[in-house]
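J.: Following this message is one structure expressed as structure tokens.
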């Protein structure tokens, strides 16, 4: 045995930090291109008629959503898991060759899946189910990656020194179990070559093509049970896991109420899975199911605000840290955006509000104040906190970080305010009619009116992307910044000017 | 009683039990304040604050084995 003292091993965490940043840039860049395509449709042909197949909105759109969800966010979740998991369980990955192997295997297989997703989506190979576009061979690979992630997670928990599991670990476990269940059930599909048509022909379509095992309304129900809970177990639960670790750690403050964190956890678990039906209000789904989804969406405010308020109160008596540290600013604003979007979502799920909001840009605005303001800010804050500890160097520039914070805050604000106005305008115009019930506007009337807001949204997204590039540069430069002592890493992260 | 009615009663019973369970849990947390091992719930925050590899665990796993 070597005589070196035992240390946490961040090899796998660093690998996933890299993909978080790269896939973040890709996903957000595609998002900005899409936003400007909506405002200026000629951009669909930006690389000429010949390549229009690859540059049009509909081909790029799943690439944007899947790159930010399964690329940026998921990498961020993995990176923080391989960092936080070791620390709060007080066990190093270096203590187990098997866990280290599983961690690295997890990363490389994940990368293979990412590449096959990008290639297949650009080639137009898709199941056409939103956020579940991957065809069956990729689905199987995703399941393998997820099982390896789970084996690593429970393996690490199995050799822990700390008897109880810190609240963040509960949330990471919920992420693993939730996504596993959702992904399996929503992607039940039958390869078309195995099917036989009514006229007796068999072996239909390409080998990789499949159709959902569910039909009609059932398919829609399963799809939105999945779609909404992908938000729950991808954008909420693991991000709450992050803030419960990184905010107390960075500020040196104990969680305001650990008990509140426990009961919010169970509240969230009970309620979230029932709310997915709110995506199908006024559809052919049974009426009682729509009402149930509305009610559960409203109740969802309670556990969501339980966590968010718990985080804000953790800063009680220490608010000068928010002014002093851009890193804490990211987390406090993230938590605030979490409160905003978990109030906004339930409001949109009320049937009478949904009658105006459904299918409009307000929904897009809601998604983005949650993802840009909450998910994006929290993942970047987590990586900023991790960087000095995994590289043993101070964060390259505090002022660059502060500038990034304000640029992105303006970006998010432009994004969601323009989409609020656009969405409500759209909803009102679609419904407007004269005294005989004739529609007052045609669809193209709304398109004309919305143009300025679409342009503003594009600018908002661009500002956020610029901020993200500043973040990437700051982390890159951190790798060669001033080395720091162990004692500097206790709480507040060391930052250069 | 048809299946739909059974489902409705089952659903109502399940939700009622879950609500009672959740409120009982909240009552337990705020009256007992400590878990079965006698550790104050609030001290679990230290799992994040004191998370160096040589920090003392809030409640070490090895305690179990000694019992």
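The values are calculated or read from the model by the stated rules, or taken from the named source; none is laboratory data. Since we're looking at a predicted model, the values are computed, not measured. Neighbour counts are summed over all protein chains in view; Cβ atoms, including those assigned to glycine, are modelled from backbone coordinates with ideal geometry.
J.: Looking only at segment A:253-269, decide whether some residue is touching a residue at least 12 places away in the same chain (Cβ under 8 Å), outside any helix (DSSP H, G or I), more than 15 Å from residue A:232 (Cβ to Cβ) and away from chain B (no Cβ under 14 Å).
T.: no
J.: Looking only at segment A:452-497, which residues are in contact with a strand residue (DSSP E or B) (Cβ under 9 Å, 6 or more places away or on another chain) and not in a helix (DSSP H, G or I)?
T.: Residues satisfying the conditions are A:479, A:480, A:481, A:482, A:483, A:484, A:493, A:494, A:495, A:496.
J.: Looking only at segment A:348-371, decide whether some residue is closer than 30 Å to residue A:479 by Cβ, crowded, with 17+ Cβ neighbours inside 10 Å and either within 20 Å of the chain's Cα centre (by Cα) or in contact (Cβ under 8 Å) with a residue 60 or more places away in the chain (or both).
T.: yes
J.: Only one residue in A:487, A:480, A:397, A:493 is at pLDDT below 95 and buried (at least 18 other Cβ atoms within 10 Å of the Cβ). Which one?
T.: The match here is A:493.
J.: Got a sec? Which of A:51, A:47 is in a loop (DSSP other than H, G, I, E, B), away from chain B (no Cβ under 14 Å) and modelled with pLDDT under 95?
T.: Numbers: A:51 fails: in a loop (DSSP other than H, G, I, E, B).
None of the other options fit; the residue is A:47.
J.: Now for a different question. Looking at residue A:233, is it within 24 Å of the chain's Cα centre (by Cα), part of a helix (DSSP H, G or I) and surrounded by fewer than 20 Cβ atoms within 10 Å (Cβ to Cβ)? So that I can check it myself, show each step before the final result.
T.: On the way: within 24 Å of the chain's Cα centre (by Cα): yes; part of a helix (DSSP H, G or I): yes; surrounded by fewer than 20 Cβ atoms within 10 Å (Cβ to Cβ): no.
No, not satisfied.
J.: Would you say residue A:121 is closer than 30 Å to residue A:220 by Cβ, crowded, with 16+ Cβ neighbours inside 10 Å and touching a helix residue (DSSP H, G or I) at 6+ places or on another chain (Cβ under 9 Å)? Don't jump to the end; show me each part of the working.
T.: On the way: closer than 30 Å to residue A:220 by Cβ: yes; crowded, with 16+ Cβ neighbours inside 10 Å: yes; touching a helix residue (DSSP H, G or I) at 6+ places or on another chain (Cβ under 9 Å): yes.
Taking the combined requirement at face value, the residue satisfies it.
J.: Let me ask another. Out of (1) in a helix (DSSP H, G or I); (2) closer than 23 Å to residue A:177 by Cβ; (3) more than 11 Å from chain B (Cβ to nearest Cβ), what's the single condition that is false for residue A:214?
T.: For residue A:214, the failing item is (1).
J.: Out of the helices (runs of 4 or more DSSP H) lying entirely within chain B, which hold 1 or more residues that are at the interface with another protein chain (Cβ under 7 Å from one of its Cβ atoms) and more than 15 Å from the chain's Cα centre (by Cα)?
T.: Filter on chain B gives B:46-49, B:62-66.
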